[in-house]
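Working notes, beginning with the structure itself.
The values are calculated or read from the model by the stated rules, or taken from the named source; none is laboratory data. Because the structure is predicted, anything quoted here is derived from the model rather than measured. Neighbour counts are summed over all protein chains in view; Cβ atoms, including those assigned to glycine, are modelled from backbone coordinates with ideal geometry.
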Amino acid sequence: MNLINREAAWCLLTEFTQSESLRKHALAVEACMRACAVKYGQTGEVYSREGHELAGGATTLPDTGASAVEELTPEDLWGIVGLIHDFDYEKYPSLEDHPYKGNEILKERGWPEILRRAILSHAEYSGVTRNSPMEKALFACDELAGFITAVALIKPGKSLAEVDVKSVRKRMKDKAFARKVNRDDIINGAAALGVDLDEHIGFCLEALKPIAKELGLDGAAAKPA
C-alpha cells in the first residue's frame, strides 16, 4: 500500500514534472493553500481513510482499498492538493488532457476522491463545481500565486520582500504583463472565498515569504557571484 502524505505528493510531482518553474509554482500554491487551511478550514478537523467520523467533527476520506491515507489535518490535505494540482501539466498540457489525465493517474494509484475532485474543479472548463472551502481556495490561489511570483521576478532584487499589494494590483492592470495569467480568475477566486481582493493578495504574499528561498525569490538571484 502507498501512503498518501506530503512526501508521496512530492514524489508524484517530481515523477511527472521536470520543469523547475512548474515545481516552484507547485510549492507556491502549496504554501498559499496551507495558509488558507488555517484561515478557512475547520478547527480540529482531521481527515482519515477510515469510514467513520473522527473527533472534532471531522470529514473522512473514502477508503479506496488501494492506498493508506495518513490522518491529515486540513493544512496537510489542502497543502497536498496545492502541491499536485498541476502535476500532469508538463506531460499533458492540452485542455483535452489536463487535469483529466492526472485524475486518471490519481484514481489508478488510489488517491481519494476528495483530492481528485478538488484538482478537477480548479479548471474552469472541467465543469466540476467548486463547493468546498478547499476547492474555492485552490482556484483563488492558483493564478494569484503565479502572478505574485511574476511580479517578484521583475523587481531589481528578484525578491518577494520588494512586492506589495499595490505593485500586484498595478501589474494586474497591465495586460501585456504575464499575459497568460487570467485576471478574472484572480478576481473571481477571491470573491468566491468571500474575501476582499487586496486582502487576499496580501494574505497570499505573506504565505509565500517563508518559502522565498525555495522559490528563488529571496534576492539571492540578483546578487553578484
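Note on region 141-186: residues that are within 23 Å of D86 (Cα to Cα) and in a loop (DSSP other than H, G, I, E, B) amount to 6. Applying a threshold of 8 Å to beta carbon distances and a minimum spacing of six or more residues, or different chains, the list of pairs starting in region 109-137 at a residue that is aromatic (F, W, Y) and ending at one that is in a loop (DSSP other than H, G, I, E, B) reads W111/T64; Y125/L95. Scanning region 107-127 for residues that are in a helix (DSSP H, G or I), among the hydrophobic types (A, V, I, L, M, F, W, C) and within 22 Å of A145 (Cα to Cα) yields L115, A118, I119, L120.
One residue stands out among those in region 127-160 that are polar (S, T, N, Q) and at pLDDT 95 or above: the one that is farthest from the chain's Cα centre (by Cα), which is S159. Looking only at region 102-145, residues that are surrounded by fewer than 20 Cβ atoms within 10 Å (Cβ to Cβ) and small (G, A, S) come to 5 in all. Residues in region 92-100 include at least one that is assigned to a helix (DSSP H, G or I) and at pLDDT below 95.
For region 156-182, filtering for residues that are basic (K, R) and free of Cβ contacts under 8 Å to residues at least 12 places away in the same chain leaves 6. Within the set V181, V165, the sole residue that is among the β-branched types (V, I, T), over 25 Å from L13 (Cα atoms) and out of contact with any Ser or Thr (no Cβ under 6 Å at 6 or more places or on another chain) turns out to be V165. If you filter region 70-91 down to residues that are modelled with pLDDT of 95 or more and of a type in the set (D, E), you find that the one that is farthest from the chain's Cα centre (by Cα) is E90. Sub-6 Å Cβ pairs linking a first residue in region 16-35 that is in contact (Cβ under 8 Å) with a residue 60 or more places away in the chain and within 17 Å of A207 (Cα to Cα) to a second residue that is among the acidic types (D, E) and surrounded by fewer than 22 Cβ atoms within 10 Å (Cβ to Cβ), at least 6 apart or interchain, are L27/E214; R34/E75, ordered by first then second residue.
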